[in-house]
Amino acid sequence: MPLTFNYVSFVVADLERSLDFYRTLGLPIPAGAHLNSEGGPEQHVEIDQNGLRIAWETEDLVQRVYPGWVAPPKGQARIGAALEAGTPAEVDAACERLQAQGYEVETAPYDAFWGQRYATVTDPDGNSVDVFAWLEGQG
């Protein structure tokens with residue numbers, strides 16, 4: 001099964017302001033999405049747009065997931081992309097293929113706490129691209 005483009009995320013300094021911007025552009029982001037059920041701040045908001053998951057993640061969350069990550073200066077790219085594999089084994093195989101061709105696997109495949117087999121690879125321009133598959137019983 002070929003990989004499919006499934007997910008894109010924006011790393012944001014101010015989640016509420018960012019959601020308002022994209023809502024203003026016309027994306028179907030519910031009002032108050034920046035708050036959890038207790039009224040506290042969310043770290044991650046996600047919508048489905050014709051099968052493409054679009055998410056906004058706080059800098060704090062990204063720093064938890066990628067230790068050592070530092071926010072880039074304003075005005076530079078703050079976006080992440082992910083490709084979905086059909087099985088966890090396909091995540092491993094995709095990373096092996098990339099390594100065999102001389103590409104960097106930034107984070108080797110692992111079973112992430114959110115229920116996915118997950119890896120991060122680096123494209124030729126230095127952009128991080130995640131490759132994942134849902135673990136059995138997840139997603």
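The values are calculated or read from the model by the stated rules, or taken from the named source; none is laboratory data. Everything numeric here is computed off the predicted structure, so don't read it as measured data. In this analysis, Cβ positions are derived from the backbone assuming ideal geometry, glycine residues included, and neighbour counts consider all displayed protein chains.
Structure values in brief
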item: Residue in region 40-50 that is outside the structural domain of N127 (by TED's automatic domain parsing), assigned to a loop (DSSP other than H, G, I, E, B) and of a type in the set (A, V, I, L, M) present; result: no
item: Single residue of region 33-61 satisfying the filter (in contact with a helix residue (DSSP H, G or I) (Cβ under 9 Å, 6 or more places away or on another chain) and not hydrophobic (A, V, I, L, M, F, W, C)) that is nearest to I79 (Cα to Cα); result: E57
item: Residue in region 114-128 that is among the acidic types (D, E), assigned to a helix (DSSP H, G or I) and either over 13 Å from the mean Cα position of the chain (by Cα) or not assigned by TED's automatic domain parsing to the domain that holds S9 (or both) present; result: no
item: Options L27, L19; residue that is part of a helix (DSSP H, G or I), in contact (Cβ under 8 Å) with a residue 12 or more places away in the chain, farther than 13 Å from V129 by Cα and of a type outside the set (S, T, Y); result: L19
item: Hits in region 8-66 (condition: of a type in the set (S, T, N, Q) and either touching an Asp or Glu at 6+ places or on another chain (Cβ under 9 Å) or on the phi > 0 side of the Ramachandran plot (or both)); result: S9, N36, Q43, N50, T58
item: Residue that is over 22 Å from A71 (Cβ atoms), touching a helix residue (DSSP H, G or I) at 6+ places or on another chain (Cβ under 9 Å) and either at pLDDT below 95 or assigned by TED's automatic domain parsing to the domain that holds G139 (or both), where the choices are L3, L25; result: L3
item: E42 closer than 22 Å to A133 by Cβ, surrounded by 14 or more Cβ atoms within 10 Å (Cβ to Cβ) and not polar (S, T, N, Q); result: no
item: Complete set of residues in region 41-100 that are acidic (D, E) and within 20 Å of M1 (Cα to Cα); result: E84, E90, D92, E96
item: Residue satisfying condition, being surrounded by 14 or more Cβ atoms within 10 Å (Cβ to Cβ), more than 19 Å from G137 (Cα to Cα) and either modelled with pLDDT of 90 or more or touching a helix residue (DSSP H, G or I) at 6+ places or on another chain (Cβ under 9 Å) (or both), within set T120, T87; result: T120
item: Every pair of residues 6+ apart whose Cβ atoms lie under 7 Å, when the first sits in region 47-66 and is farther than 15 Å from D130 by Cβ while the second is among the polar types (S, T, N, Q); result: W56/S9; W56/S18; T58/Q43; D60/Q43
item: Test: residue in region 90-102 that is at pLDDT 90 or above, assigned to a strand (DSSP E or B) and charged (D, E, K, R); result: no
item: Test: G102 is in the same structural domain as V129 (by TED's automatic domain parsing) and surrounded by fewer than 11 Cβ atoms within 10 Å (Cβ to Cβ); result: yes
